[in-house]
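A short write-up of the structure that comes next.
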Amino acid sequence: MPFMTALHPADARSGRAVETVYRPAGALDLAGTIGQLGRGPYDPTTSWDLQGMWRTWRTPEGPATLRILRPAADGSVRAAAWGAGARWAIDAVPGLLGRGDDWSGLDVRSHPLLRDSLHRNPGLRLTRTGLVLEALLPAIVEQRVTSLEAYRSWARLLRWYGEPAPGPAPEGMRVVPTLQQWRGIPSWDWHRAGVDPRRARAIQAVLAVAPSLERAIGAAASLDEAETAMRTIPGVGQWTTAETLQRSHAHPDLVSVGDYHLAHQIGEALTGSRVDDDGMLELLEPWRGNRQRVVRLILASGFRFQRRGPRVALQDHRWH
């Protein structure tokens, strides 16, 4: 069984790190498991180097910077955290690294690409942050625009309104704003960041009900109930809900329907031909309950579909 050993107690006032050693039950692919938490190359909440990952959090106990090192030769993972939320961040490490994410019920023996990917990626797990708002807001920023546009918008907002990361984090790292700080961002700064009015309204709808939404999801008896609660908010649909719960709750089955390229990639990987969203869901149906795990195996396989047609033009949603 995996376990954690605390090395030092929390001492946020002195700036002393809270440290731990986590020993997963099996192999762990650090980048493959938590890499999707970062929102592109400009994201000031996430930084990678040769030793591992830096990540900032707005925890229920305050801001935190978390440092996770790549697994040692014996498989153990060292982590350290700083800031008022350091203890919370350290306690979250097992979930971040996939504890409880059970792939034993996934049978991919019938498909060579999936079978090979599972064999070559034994340490792949689904991460679980437990933080809904931190996954939901950037997902809305990413709605119906290119990744590059969304990444730039997210980085601008955090540079302007984010809090400097506590502890010895790399220069320029930021913690996402508090709920009140998010609510206080004026409409012109959403535009200046490149977030159009439709997405800004969806974000405001989330911010208006954020505490009750988090309570509802926390009290949900199942992930299906959590999904239903999220989709009651105007502007939060199937794609946004999937992108959020995949990260906040390690949802093993939700697929990002509506993604610009995903259906094409899934179709070509599984059949050699492009499909639309309906076709993608049909192909994934044999693995219902594990469809997100199958998607992750395809993405980790190294398979790249052949892009056809013109690139999507970047749009500037800011006022001039």
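The values are calculated or read from the model by the stated rules, or taken from the named source; none is laboratory data. The structure presented is a predicted model; accordingly, all values stated were derived computationally and were not measured. For neighbour counting, all protein chains shown are included, and Cβ atoms are generated from backbone atoms with ideal geometry for every residue, glycine included. Note: accessible area is taken over every heavy atom of the protein model, side chains too, but ligands, DNA and RNA are not part of it. Shrake-Rupley method; radii C 1.70, N 1.55, O 1.52, S 1.80 Å.
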* Taking the alpha-carbon set of region 42-114, what are its Rg and Dmax in Å? -> 15.7, 49
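If you stretched the chain out fully between residue 222 and residue 201, how much longer would it get, using 0.36 nm times the residue separation minus the C-alpha to C-alpha distance? List each step's numbers first, then the result.
Details: separation 21, 0.36 × 21 = 7.56 nm, distance 2.82 nm.
So the extension gain works out to 4.7 nm.
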* To do: Let me see the pair-distance distribution of the chain: every alpha carbon pair, 10 Å bin width, integer percents in order.
  => 6, 25, 34, 26, 8, 1
* Skip the ligands, DNA and RNA, and give the accessible area per residue of the chain with a 1.4 Å probe, whole Å². => 47
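Which order do peptides 55-66, 21-32 fall in by mean Cβ count within 10 Å, highest first?
On the way: 55-66: 23.5, 21-32: 16.9.
My ranking of the peptides, most packed first, is 55-66, 21-32.
Return the carbon/sulfur percentage of the accessible area of the chain, one whole number, probe 1.4 Å, all protein chains in place. Show your work: numbers first, answer last.
On the way: 7780 of 15050 Å².
Here carbon and sulfur together make up 52 percent of the probe-accessible area.
Can you give the relative contact order of region 1-155 as a percent, counting alpha carbon pairs under 8 Å and 6+ residues apart?
Values: 261 pairs, mean separation 39.4, N = 155.
Averaging sequence separation for qualifying contacts and normalising by length gives 25 percent for region 1-155.
In deg cm²/dmol, rounded to 500, what helix-only [θ] at 222 nm does the chain give when every DSSP H run of at least 4 residues adds -39500 (n - 2.57) and the total is split over its residues?
Numbers: 14 runs with 130 residues, N = 320.
Calculated at 222 nm, the ellipticity per residue is -11500 deg cm²/dmol.
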* Asked: Taking the mean number of other Cβ atoms within 10 Å as a proxy for protection, how do you rank 130-138, 193-201, 285-293 from highest to lowest?
  -> 130-138, 193-201, 285-293
